[in-house]
Amino acid sequence: MKAFIASMQGRVFLVLIGGIVASALLTAALADREGRRTFAQVRAEHTADRVEQLVSALEAVPAEVRPTLAATLGRGMSAQFGAPAAPQQENDAELTDALVDELGQDRNVTATAGTQADCAAQVGNSGASARPGASCQVISLTLRDGAPLRLVLRAQRDFNWSRPRSSRWLLYAVVFPLCLVLLAYVVARMATRPLGRLARAATALGADINQPPLPENGPSEVRDAAAAFNAMQSRIRSYVEERTEMLAAIAHDLQTPLTRLRLRLEKVADENLRDKLVADLGAMQEMIREGLDLATSLATSGMMQRVDLDSLLSSACADAVDAGQDVTLNGQTRVSMLAVPSALQRCLANLIDNAVKYGGYARVTAAREGNKAVIRVSDGGPGIPEAQMEKAFDPFYRLETSRSRQTGGTGLGLTIARNIARKHGGTLVLHNAVSGGLECTLALPLNDT
């Protein structure tokens, strides 16, 4: 579950980063385009204003003075009077519109890109040296007296709009990505924090159905999810309690008629028949007692108290020895933990009893491994096929070769033991030992020590 939350947080982080970067690039592209358009418009208006001033001055003097005046006033421009039409070049619509606005529609104004010869001639007339990548513009128009005029504007280097204006862009290039990453991380954490809390609550619910409900706060979606989870927890708790109460009630109510039946069986005259009936009745009563124990192991409530695990384990082994069973205990956990003493002792007793019944003896070892107390119970039996390891924990499940009625098993011992282990937040697993026999491993967490 933690891996899922971390993966989802990473995906949210990447989506945010990708979305913001894409938006930033799109905004930068639009801003660059608008900047280029505005710059071209301003430059065209400035050029049109200069041309208008020169044309007004030329129209105010006689035709023979115009070349001298143009050479004097036309800084950056060379004037050609009565020049033939220029070769067809690409029209500069932006500059043409600006010139028409300044000079009027009757001047036959056109602005085009200059040819290579025009640019070279203009550079020669101005005495400047040609620059790589330079270009020039040619403006053709008619003066008020009908005289044609051709202006060649000084070659200009193409403007590089994307070139940084100062070294501060380096600071922006570093600060912006850092702020972007920090913002995306914070948003990803905020988006996945409720999911993490829900995941932890779901994990804790598996160990204890009586976990406190989730707080129903935050955004509406989070509140709805928390409310749905709390309602689910309440329903599950109700179902478990109802099932447990029903099982306990059935097992308890059967005790009275079975007791009366046993008293009546004692009056059967045929001794052989009576013994068989009494034995069957005893097996039924044993199953009922196991059913009561199963109902108790499924109960969601129980008084937790601190117990010495080594003392509890030693007592369970001593009781088995007193009953004539071959049981030995080695090692200690040296820990105390919160537990339901009677339930945990029943779990240990079931494991020991199971080993003795089906393996002839029980070898119990105890140790602390990290933050867990680990108890292993080994026997000398034939073990269990790997495919049936998990099935051995199913209620009333018995292996045909070793879990027969003659051994007295009901198929509930391991089920009850695992239920009790899970109630304490632990695990119970089976595996076949390398040296032979079955080994049950009970691991109990010590987080509360």
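The values are calculated or read from the model by the stated rules, or taken from the named source; none is laboratory data. Computed from a predicted structure; not experimentally measured. Don't worry about glycine lacking a Cβ; one is built from the backbone with ideal geometry, like all the others, and counts go over all protein chains shown. Accessible surface is based on the protein model in full, side chains and every heavy atom, while ligands, DNA and RNA are left aside. Shrake-Rupley method; radii C 1.70, N 1.55, O 1.52, S 1.80 Å.
Looking at 59, 52, 102, just one residue is open to solvent by 60 Å² or more (accessible area, probe 1.4 Å), over 16 Å from residue 136 (Cβ atoms) and modelled with pLDDT of 80 or more, and that residue is 102. Selection of the stretch 266-276 for residues being open to solvent by 60 Å² or more (accessible area, probe 1.4 Å) and in a helix (DSSP H, G or I) yields 271, 272, 273, 275, 276. As a summary of the residue check, residue 289 satisfies the conditions (1) modelled with pLDDT under 80; (2) basic (Lys, Arg); (3) part of a strand (DSSP E or B) except for the one numbered (3).
Exactly one residue out of 354, 371 is in contact (Cβ under 8 Å) with a residue 40 or more places away in the chain, open to solvent by 40 Å² or more (accessible area, probe 1.4 Å), polar (S, T, N, Q) and within 22 Å of residue 422 (Cα to Cα), and it is 371.
Of the candidates 349, 320, 362, the single residue that is under 19 Å from residue 423 (Cα atoms), at pLDDT 90 or above and open to solvent by less than 70 Å² (accessible area, probe 1.4 Å) is 349. Scanning the stretch 336-350 for residues that are within 41 Å of the chain's Cα centre (by Cα) and within 20 Å of residue 429 (Cβ to Cβ) turns up 337, 339, 343, 344, 347, 348.
Are any residues in the stretch 34-73 acidic (Asp, Glu), assigned to a helix (DSSP H, G or I) and more than 60 Å from the chain's Cα centre (by Cα), and if so, which ones? Passing the criteria: 49, 52, 59.
No other residue among 47, 72, 68, 38 is surrounded by 14 or more Cβ atoms within 10 Å (Cβ to Cβ) and polar (S, T, N, Q) apart from 47.
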